[in-house]
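The values are calculated or read from the model by the stated rules, or taken from the named source; none is laboratory data. Since the model is a prediction, treat every value here as computed from it, not as a measurement. With ideal geometry, Cβ positions are generated from the backbone for all residues, glycine too; neighbour counts draw on all protein chains shown. Accessible surface areas use protein heavy atoms only, side chains included; no ligands, DNA or RNA. Shrake-Rupley method; radii C 1.70, N 1.55, O 1.52, S 1.80 Å.
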Amino acid sequence: MSTQVHANLTEEQVRQISGELDEPEWLTETRLEALDALADLEMPDVIRTPGRDWTNLHELDFESFVDPLNAAEDKDQVGPADAEVLSWAEAVAEHEDLLQEHFGSVVDLQENYLTALSTALFSTGTVVYVPEGVDAEDVTIRTEQNSQSLFNYTLVVTEESSSVTILERQSTGQEQDEQYYSGVVEVVAGENSSVQYGSLQNLSEEAYNFTVKRGDAGTYATIDWIEANLGTQLTKTEVSTELNGESSETQIVGAFYGHNDQHFDLDAKVWHRAEHTTADLVTRGVTDDIARSVYEGVQDVGSEAWDTSSYQRENTLMLSDESEADASPKLIINNHDTEASHSATVGQIDQEDLLYMTSRGVNPRAARNMLVEGFFVPVFEEIAVDELREDLEDLIATRLRTRD
């Protein structure tokens, strides 16, 4: 089954978006090829059990809320002077060679229906370029959506022996009945470089969100992701790293809190493709009310990935009997010289812990909140970006305080 949103889109619309950004012809053609591909592409893969998709993307009424020519946002993108943090239009004007080399090099722009849709229609974006030997701290990208739909693209390129720490936030300014946010992030980490990319998604709970963040780690390179999701009525997201360079490393830290009728479909993936690579995937989340979470974690060890270390753990805490949580951790190992493990747990607050605290004078509501905040501590401890950790702690505490 495929959606028919492409019936509402035209070549003229895509050319208008590209023209307003003053893009070269090769970029315009890339967009148009993605537009043409929509008719034949499927939705992103979701976990299936017999007779059921754990997430149903086909019910989305794209025709009602994808409005490509009326994108509106409030965006801040800042960084230190020795790194370049550019809007998409600035990057097109100043770094066309860089874009031509790396645009679409990590994420297949026609990988599925939603990546192609974003490729054809993105009208805003950020390019972060860190030259050789530069250590760039405090790069901030803040996007506030003020339109029915918004398509965003981010490219991060680090040269040899450089590093960058990025904090990205997505939020909603002007709310509408239904909104759609789409983001594609590509990270290219050069030899011996380090990228730490933190993202905090707190869009309107009337919004739909599709994002894919994927990195290519070169020799001795490190890519660390921090992915926090609190907003939207439906989020479908993938965070992944391809460890293509010898001795490259990645960590993917995820946190989510779903309440009301929110639905989070979260993928964390790592591909070990070279020798001596290391990965650590850690996700913790909460579901409440009638919220639902779906998690898939994949560790794929290739035949040439000798001396691999790969670890994964996912834990979900359900605060209500009506909420749901499913997890599907997977190991795909094609090299025997591998040390790997994976685990997933789903459960409720330990009643003995709750009884212990209430018997010592803590009221039940405060005791429950303390236990939930304590549940997130192992994730908080993995978040090296202080500002992101503090923001996430505050948002979780606020949601707990307002819980009925």
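Which residues, taken from the stretch 9-26, are in contact (Cβ under 8 Å) with a residue 12 or more places away in the chain and under 25 Å from GLU63 (Cα atoms)?
Initial filter on the stretch 9-26 (in contact (Cβ under 8 Å) with a residue 12 or more places away in the chain): 9, 11, 13-18, 20-24, 26.
LEU9, GLU11, GLN13, VAL14, ARG15, GLN16, ILE17, SER18, GLU20, LEU21 - these are the residues of the stretch 9-26 that are in contact (Cβ under 8 Å) with a residue 12 or more places away in the chain and under 25 Å from GLU63 (Cα atoms).
Checking ASP67 against (1) under 21 Å from THR172 (Cα atoms); (2) surrounded by fewer than 13 Cβ atoms within 10 Å (Cβ to Cβ): exactly one of these is not met. Which one?
If we test ASP67 against (1) under 21 Å from THR172 (Cα atoms); (2) surrounded by fewer than 13 Cβ atoms within 10 Å (Cβ to Cβ), just (2) comes out false.
From the residues in the stretch 169-178 that are surrounded by fewer than 24 Cβ atoms within 10 Å (Cβ to Cβ) and at pLDDT 95 or above, which one is nearest to the chain's Cα centre (by Cα)?
That would be ARG169.
Scan the stretch 111-166 residue by residue and report those that are open to solvent by less than 10 Å² (accessible area, probe 1.4 Å), within 18 Å of ILE223 (Cβ to Cβ) and aliphatic (A, V, I, L, M).
VAL127, VAL128, VAL130, ALA136, VAL139, ILE141, LEU155, VAL156, VAL157, VAL164, ILE166
Quick check on GLU29: is it surrounded by fewer than 15 Cβ atoms within 10 Å (Cβ to Cβ), in contact (Cβ under 8 Å) with a residue 12 or more places away in the chain and more than 25 Å from the chain's Cα centre (by Cα)?
no
Out of the stretch 235-249, which residues are closer than 16 Å to VAL212 by Cα and open to solvent by less than 20 Å² (accessible area, probe 1.4 Å)? Write out each step before concluding.
Here is the first cut: in the stretch 235-249, the ones closer than 16 Å to VAL212 by Cα are 235-242.
The answer is THR235, LYS236, THR237, VAL239, SER240, THR241.
Scan the helices (runs of 4 or more DSSP H) fully inside the stretch 314-404 and keep the ones with 3 or more residues being open to solvent by 80 Å² or more (accessible area, probe 1.4 Å) and farther than 21 Å from ASN229 by Cβ.
Values: elements: 351-358, 364-380, 386-401.
Filter on the stretch 314-404 gives 351-358, 364-380.
Give all pairs with beta carbons closer than 7 Å in which a residue from the stretch 389-404 that is β-branched (Val, Ile, Thr) meets a residue that is in a helix (DSSP H, G or I); count only pairs at least 6 apart in sequence or on separate chains.
That search, which allows pairs on different chains as well, returns ILE396/GLU373; ILE396/PHE376.
Looking at the stretch 206-237 only, could you name the residues that are charged (D, E, K, R), farther than 18 Å from THR283 by Cα and assigned to a strand (DSSP E or B)? Give the derivation first.
Of the stretch 206-237, the ones charged (D, E, K, R) are 206, 213-214, 216, 224, 227, 236.
Now narrow it down to the ones that are farther than 18 Å from THR283 by Cα: 206, 216.
Hit for the stretch 206-237 is ASP216, nothing else.
Every residue, every condition in (1) within 30 Å of GLU73 (Cβ to Cβ); (2) open to solvent by 20 Å² or more (accessible area, probe 1.4 Å); (3) among the hydrophobic types (A, V, I, L, M, F, W, C), yes or no:
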{"site": "GLN201", "(1), (2), (3)": "yes, no, no"}
{"site": "ASP216", "(1), (2), (3)": "yes, yes, no"}
{"site": "ASP261", "(1), (2), (3)": "yes, yes, no"}
{"site": "GLU275", "(1), (2), (3)": "no, yes, no"}
{"site": "THR278", "(1), (2), (3)": "no, yes, no"}
